Each structure stands twice: as C-alpha cells, then as structure tokens.
Amino acid sequence: MNPRRPTIKDVAREAGVSVATASEALNGKGRVAPATRQNVIEVAERLHYTPSRTAKNLNAGRTGTIALAVSPMSGGGGAGSLQPEWDVEYYFRVLNGASARAFTKGFLLSMIPFHGTSHGFLNSTDGLIVVDPGADDDLVDQAVRRGIACVTIGRNSREVSWVDNDFFTGTTQSLDHLSARSPALFLSETTSSYVRDELSAYLEWCAAANANPTIIRSPGPLVDEAEPVISAALSADDRQFDAVVTTLDTLAIATERSARQLGIDVPERLQILSLADSRYLHFGLQRSITALDLHPVRLGELAVELLVSQIEGDRERRQELLPTSLTIRESTNATPAR
C-alpha cells in the first residue's frame, strides 16, 4: 500500500500552528514571525509536503489551464474530427513551445479544436491563445466578450495582444534570394494575417521587378489537396512562372513532387521556396527545399508569456514582432536555365 500523501493539516499539526498560519508561511504571505515561518518550512521539507496545485488555483480563483486553438484554413473538420492544420508541422511546433513554457509558468496547456462548440470550454480556462486568427475570429470575439485573457499568434481585428513574424520583410528577402524572373505564389487561403502580409510583399516585389504576378490557390493545406492544382499549373502550355514560392511547407512538398513527376528539373528549370520551414523539407525529397524559418517554438513561448502576464493582471495591449531567417537548400542553389 502506498503511503498517504502529507497534507497541509499534517504540516500544521507537526509545526504546532493553525492551518491558516502554515499556509501563509509556505506561501510567503501574512504576518508570520520569521522563526515560525522557518519552522513550518522545515517541517514541510521533512514531511516531503508539496502543496496541491488544484487547491492553490482555487484559492487564486483560477483553473490552472490555458487553451490553444488554430483557426481553420479551410472548411474541413468538425466537432468529432481532427483539423487538417495539425498535419502542418509549424502548428505542432508552436504547440510544443507553448506547452513547455506554460508548464514552467505553472499552467497546463490544452489544445482545443476550432469549431462552433469550442467557446463552451472558455469558462473552464484561464486564458486563450489562437493561432492565425481570421480578421473576425469568433473564438477571439467570445474570449474578449467574456473578459478572458487572450493572445493571438498572428494579428486580428480585435484589440488583443499578439505575437507575429515580420512576414513582409521575410517574404521580400526570400524573393530577392531567387534568381528566377517570374515567381508564382502558391497559397491555400487569404484570411490569415501572415498570408495577407506575404501576398502584399509578393505583389509589391513583382511591381518593382516588372514581373507579372501569378497566384495559384490550393483548396486546402494538405499535400494531397495541393498536388493536383500545382501539377496542372506546372504542366500548362502557357506557363510563365519559373519559380514557386509557397505559404506552407506542405504546398512546397506538393510542388516538388509534381515537378519530379513531370520531369521538371529543380532548381535548373524551376526554383521552389517555402515561406514556412519544416523537417520534411530537407528529408525524403529529391531536392531539399529552401525555406523561411519562422521560429515557431519561440512564437509559442512568447504567446504564453504575454498570456500569463495578462492572467496575472497586466492589462496593457502588447505586440511582439519576431524576425525570420532564410535557410538555403538545393531547390534554389543554382541559376535556372533560360
């Protein structure tokens, strides 16, 4: 039989003080004499007492949990299904960074699906992080209306704190890296702030370079959804683009696969660049793909730091802009044939 876990009552009895005094001594609160406080601490250590996190949260009026949701890129997914976004490595790495930092801050992080019933769980959490919210995001709106601490990764029309990458600068630098004359932009949606920033940078770059913009749209973020679309664009008789810049790593993978199947040499006849990096871009492909590192783990950490600050009473709206960095690989390291 396992020994019973010591309680605050055991500490108080052993130290010869009331439960309230023992609690105040261990929490550094109240007017407890230094000698009494030290005695209580020593008794707690001797008994191997650890305070109940649940009890501490109840005393503080908290649940000890924060929630994270990813705004959907497409209409797929529902109450009983996994969102396709979680097949995109970027989001999983954001979750890893947020979860680890939340734990160090004394919170457990829960991933919640993004659908109509999710807002019913908001009252059971101390705060909410929404990744890539739409301009009028219902989950963010619900949190703001209820006075629940909320931070977004990516910008939203609501006046909430956010962390984001400098996508405009990163996209411009990525396009400057290419030796292609007419790059196309391959995307799956245009509602997220990061896509709007990338699209804006792309169009501005094309105007400055006197290049005709080509925008290709996938019906969804997954490789299988994107492959038929990019294959058709690559095999078109009137194709004018000589590079493909993608907003997601999955779209870049679909592009590399399609180019290989069509016998289009990368990078000699087609350059490929992803505006989001992942391990899948440098393993298992015929040509590793140049990509923009968004530092998603750090984004998750920063979001939690801002959120916990709000939970603890900071009401100032804060914004953190994180720079990107370009990792050059085989898909852009040669000058395409003219």
*Filter the range 234-250 down to the residues that are in a loop (DSSP other than H, G, I, E, B) and of a type outside the set (A, V, I, L, M), then identify the one that is farthest from Leu270 (Cα to Cα).*
Thr247
*When the range 137-154 is examined, which residues are found to be within 14 Å of the chain's Cα centre (by Cα) and either under 17 Å from Pro72 (Cβ atoms) or of a type in the set (Gly, Ala, Ser) (or both)?*
Thr152, Ile153, Gly154
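Kindly check whether there is at least one residue in the range 253-274 that is closer than 24 Å to Tyr90 by Cβ and modelled with pLDDT under 95.
Residues of the range 253-274 that are closer than 24 Å to Tyr90 by Cβ, as a first pass: 253-260, 266-267, 270-274.
If we keep only those that are modelled with pLDDT under 95 too, we end up with none.
The answer is no, given that none of the residues of the range 253-274 is closer than 24 Å to Tyr90 by Cβ and modelled with pLDDT under 95.
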*One residue from Val304, Val297, Val308 being among the aliphatic types (A, V, I, L, M), in a helix (DSSP H, G or I) and surrounded by fewer than 17 Cβ atoms within 10 Å (Cβ to Cβ)*: Val297
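Go through Leu222, Leu234, Leu187 for me and flag whichever is in the same structural domain as Gly263 (by TED's automatic domain parsing), surrounded by 19 or more Cβ atoms within 10 Å (Cβ to Cβ) and either free of Cβ contacts under 8 Å to residues at least 40 places away in the same chain or more than 22 Å from the chain's Cα centre (by Cα) (or both). Let's see the steps before the verdict.
On the way: Leu222 fails: either free of Cβ contacts under 8 Å to residues at least 40 places away in the same chain or more than 22 Å from the chain's Cα centre (by Cα) (or both); Leu187 fails: either free of Cβ contacts under 8 Å to residues at least 40 places away in the same chain or more than 22 Å from the chain's Cα centre (by Cα) (or both).
Result of the check over Leu222, Leu234, Leu187: Leu234.
Does the range 271-284 contain any residue that is under 18 Å from the mean Cα position of the chain (by Cα), among the aliphatic types (A, V, I, L, M) and in the same structural domain as Val195 (by TED's automatic domain parsing)? Steps first, please.
Here is the first cut: in the range 271-284, the residues under 18 Å from the mean Cα position of the chain (by Cα) are 274-280.
If we keep only those that are among the aliphatic types (A, V, I, L, M) as well, we get 275-276.
In the following step, the residues that additionally are in the same structural domain as Val195 (by TED's automatic domain parsing) were identified as 275-276.
Yes: the range 271-284 contains one or more residues that are under 18 Å from the mean Cα position of the chain (by Cα), among the aliphatic types (A, V, I, L, M) and in the same structural domain as Val195 (by TED's automatic domain parsing).
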*Only one of these conditions is not met by Ser192: (1) modelled with pLDDT of 95 or more; (2) among the polar types (S, T, N, Q); (3) closer than 29 Å to Val163 by Cα. Which number is it?*
(1)
*Taking the options Ala207, Ala276, name whichever one is in contact with a Phe, Trp or Tyr (Cβ under 7 Å, 6 or more places away or on another chain) and outside any strand (DSSP E or B).*
Ala276
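Residues are listed down the side, and each one gets a yes or a no for (1) under 30 Å from Val223 (Cα atoms); (2) surrounded by 22 or more Cβ atoms within 10 Å (Cβ to Cβ):
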{"residue": "Leu108", "(1), (2)": "no, no"}
{"residue": "Met111", "(1), (2)": "yes, no"}
{"residue": "Ser124", "(1), (2)": "no, no"}
{"residue": "Gly134", "(1), (2)": "yes, no"}
{"residue": "Ile148", "(1), (2)": "no, no"}
{"residue": "Asn156", "(1), (2)": "yes, yes"}
{"residue": "Phe167", "(1), (2)": "yes, yes"}
{"residue": "Thr172", "(1), (2)": "yes, no"}
{"residue": "Pro183", "(1), (2)": "yes, yes"}
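Does Arg181 satisfy the condition of being in a helix (DSSP H, G or I) and either charged (D, E, K, R) or outside the structural domain of Leu234 (by TED's automatic domain parsing) (or both)?
Values: in a helix (DSSP H, G or I): no; either charged (D, E, K, R) or outside the structural domain of Leu234 (by TED's automatic domain parsing) (or both): yes.
No.
The values are calculated or read from the model by the stated rules, or taken from the named source; none is laboratory data. No experiment lies behind these values; they were computed from the predicted model shown. Because the Cβ atoms are built from the backbone with ideal geometry, glycine has one as well, and the counts that use them run over all protein chains shown.
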